[in-house]
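Everything below concerns the one structure shown next.
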Amino acid sequence: MRYNYSMKQLAIIGATASGKSDLAIKVAKKLDAYILSIDSLSIYKEIDIVSAKPSKEELKEIKHFGIDVLYPDAYFSVDIFIDIYKKSVQKCQKDSKNLVIVGGTSFYLKSLLQGLSPLPKIDAEVIKKVDADMQDLAKTYELLYAIDKEYMQNIAKNDRYRIEKAALIYEASKIAPSEYFKLNPPKPIIKDLDIYNILTDRNILRNRIQKRTQKMLEMGLLDEVCYLEQKYTRAPNAMKSIGIVEVLEYLDGKVSIDEMLENISTHTAQLAKRQETFNKTQFENIHSNKLDALEELLT
């Protein structure tokens, strides 16, 4: 379905606890926009406190995409995120709204700018064969490794999703996945996008992280992680996230509650540093400034 509305969109990125979400809501109000979250934890239902999702009031006030989409034991990948983005664009065009993209997982934003390679046509026979092959994951991995060491050496032997994807590509195209992707390079999904990056003093950011960690505890962090472990076990990738791992260590009696809080703060600060480095080095057409300056510019 085609819509005539010419949608405006921009992205707000920055380290965790830099003030992205609050700024995005203010900008969305001014631009009459919906919000697309690019956060690797907010995508999951029931992981609320750990992911520092917007409040229920904020979610009601402005429509958000990319939040509470999957359960924690469901698989999530950049392919799924791109589908969420496309659906958010369709909804914005239908409702004559603009779009504000915001979050700390900037890799997803980069994937929109770079795009993904189109997959070959995968028919029922190919699916049937690969399903049978995947019954022996180790054997399938070794066969693919022998065919395409270049591609498979970057895939873990227990990464069922990526092994299956490689097998499907090979069986459908009859060429090695690395060669297939060379012949079918990705196409950008967003060609032009203004990106605003929040710069925050390291000491200020560390203080905010410590305060947010303490607030998470007061909001019921321990109960949330206990519930998640009981319902989903520790197996899903989401259960290996910062804020969950440290609480599980506390519940196992390995650390005190003060050590748990300090570990969450330290690991979150380390994540923030990695986010800052990624944001500075991976994007063109990026406007970096302190929160106050960007708020004045955008609102």
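Given the options ASN285, MET134, VAL255, identify the residue whose Cα lies farthest towards the positive end of the charge dipole of the chain (+1 on Cβ of Lys, Arg; -1 on Cβ of Asp, Glu).
Farthest along the dipole direction, towards plus: ASN285.
Relative to the present Cα-Cα distance, how much length would full extension add between ASN285 and LYS191 at 0.36 nm per residue of separation?
Using 0.36 nm per residue and subtracting the Cα-Cα distance, I get 32.7 nm.
Charges at C-beta only: +1 for Lys and Arg, -1 for Asp and Glu. How large is the resulting dipole of segment 1-68 about its Cα centre, in Debye rounded to 20?
Dipole of segment 1-68, to the nearest 20 debye: 320 debye.
Note down the relative contact order for the chain as a percent, whole number, built from C-alpha pairs under 8 angstrom at least six residues apart.
Across the chain, relative contact order equals 27 percent.
Figure the gain on full extension for LYS273 and GLU150 (residue separation times 0.36 nm, minus the Cα-Cα span) and round it to one decimal in nm.
Between LYS273 and GLU150, full extension yields an extra 41.2 nm.
Collect residues whose amide H, placed 1.01 Å from N in the peptide plane, falls under 5 Å from the amide H of ALA33; neighbours closer than 5 in sequence don't count.
Amide H neighbours of ALA33, under 5 Å, 5+ apart: ASN98.
Output ³J(HN,Hα) for segment 171-184: one whole-Hz value per residue in order, computed from phi by the Karplus curve 6.51 cos²θ - 1.76 cosθ + 1.60 with θ = phi - 60°, and x for Gly and Pro.
Couplings: 5, 7, 9, 6, 10, 4, x, 4, 5, 4, 5, 5, 7, 10 Hz.
Just the Cα atoms of segment 15-121, one point each, no solvent: what log10 I(q)/I(0) does Debye give at q = 0.10, 0.18, 0.23 Å⁻¹?
Computed log10 I(q)/I(0) values: -0.28, -0.91, -1.43.
Given H placed on each backbone N at 1.01 Å, which residues far from ILE13 in sequence or on other chains put an amide H within less than 5 Å of it?
The list, which skips near neighbours in sequence, is TYR196, ASN197, ILE198.
Over the Cα atoms of segment 124-183, what is the Rg over Rh ratio if Rh follows Kirkwood?
Value, to two decimals: 0.93.
Would you mind classifying segment 154-299 by shape? Square roots of the alpha carbon gyration tensor eigenvalues, ordered a ≥ b ≥ c; an a/c under 1.5 is rounded, otherwise it is prolate if a/b is larger than b/c and oblate if not.
oblate
Are there any GluC sites (Glu not before Pro) in segment 237-299 that are in a DSSP loop and have at most 16 other Cβ atoms within 10 Å? List them by number.
GLU284
Please give, to one decimal in nm, the separation of the simple spin-label points placed at ASN184 and LYS231, each 7 Å out from Cα toward the Cβ.
3.7
Karplus couplings for segment 285-290 from phi (6.51 cos²θ - 1.76 cosθ + 1.60, θ = phi - 60°), rounded to Hz, Gly and Pro as x?
6, 10, 10, 9, 6, 6
Can you give the extra length, in nm with one decimal, that the chain gains between LEU70 and SER6 once fully stretched, where that is 0.36 nm per residue apart less the Cα-Cα distance?
The LEU70-SER6 span can extend by a further 20.1 nm.
Provide the per-residue ³J(HN,Hα) series for segment 34-49, in order, calculated from phi with Karplus coefficients 6.51, -1.76, 1.60 and θ = phi - 60°, each as a whole number of Hz, with x at glycine and proline positions.
After applying 6.51 cos²θ - 1.76 cosθ + 1.60, I find 8, 10, 10, 7, 10, 9, 5, 9, 4, 4, 8, 5, 6, 9, 9, 6 Hz.
Taking the Cβ of each residue in VAL100, VAL245 as the centre, tally the other Cβ atoms inside 10 Å and list the residues starting with the fewest.
VAL245, VAL100
What residue among VAL247, VAL69, VAL102 shows peak mean-square fluctuation when the chain is described by a Gaussian network model with Cα springs under 10 Å?
Evaluated over the chain, the most mobile residue of the options is VAL69.
Mind putting together the pair-distance distribution for the chain? All Cα pairs, 10 Å bins, whole percent per bin, short to long.
Taking every Cα pair in the chain, the percentages come to 6, 23, 30, 25, 14, 2.
For a quick protection proxy, order the peptides 221-234, 123-136 by their average other-Cβ count within 10 Å, most packed first.
Output ranking for 221-234, 123-136: 221-234, 123-136.
What translational diffusion coefficient, to the nearest whole µm²/s, does segment 194-246 have by Stokes-Einstein, given a Kirkwood radius computed over alpha-carbon pairs, a temperature of 4 °C and 1.567 mPa s viscosity?
Using the Kirkwood radius from Cα pairs, D works out to 98 µm²/s.
Only helical DSSP H runs with n ≥ 4 go in: add -39500 (n - 2.57) per run for the chain, normalise by residue count and round the 222 nm mean residue ellipticity to 500 deg cm²/dmol.
Rounded to the nearest 500, the figure is -16500 deg cm²/dmol.
So, with +1 on the Cβ of K and R and -1 on the Cβ of D and E, and no other charges, what is the size of the charge dipole of the chain about its Cα centre, to the nearest 20 debye?
In debye, rounded to 20, the chain gives about 900.
May I ask you to derive the FRET efficiency for SER55 and ASP83 from their Cβ-Cβ distance with R0 = 25 Å, giving the value to the nearest 0.05?
After rounding to 0.05, the efficiency reads 0.40.
Once R0 is set to 22 Å, what does the formula 1/(1 + (r/R0)^6) return for the Cβ-Cβ distance between MET134 and LYS45, expressed as a FRET efficiency to the nearest 0.05?
With R0 = 22 Å, the Cβ-Cβ based efficiency is 0.20.
Divide the volume of the convex hull of the Cα atoms of segment 75-170 by its number of residues and quote the answer in cubic angstrom per residue.
135
Each reported figure results from applying straightforward, stated rules to the coordinates on display, with no laboratory input. All values reported here derive from a predicted model rather than from experimental measurement. Cβ sites come from the backbone with ideal geometry, for glycine too, and all protein chains shown count toward neighbours.
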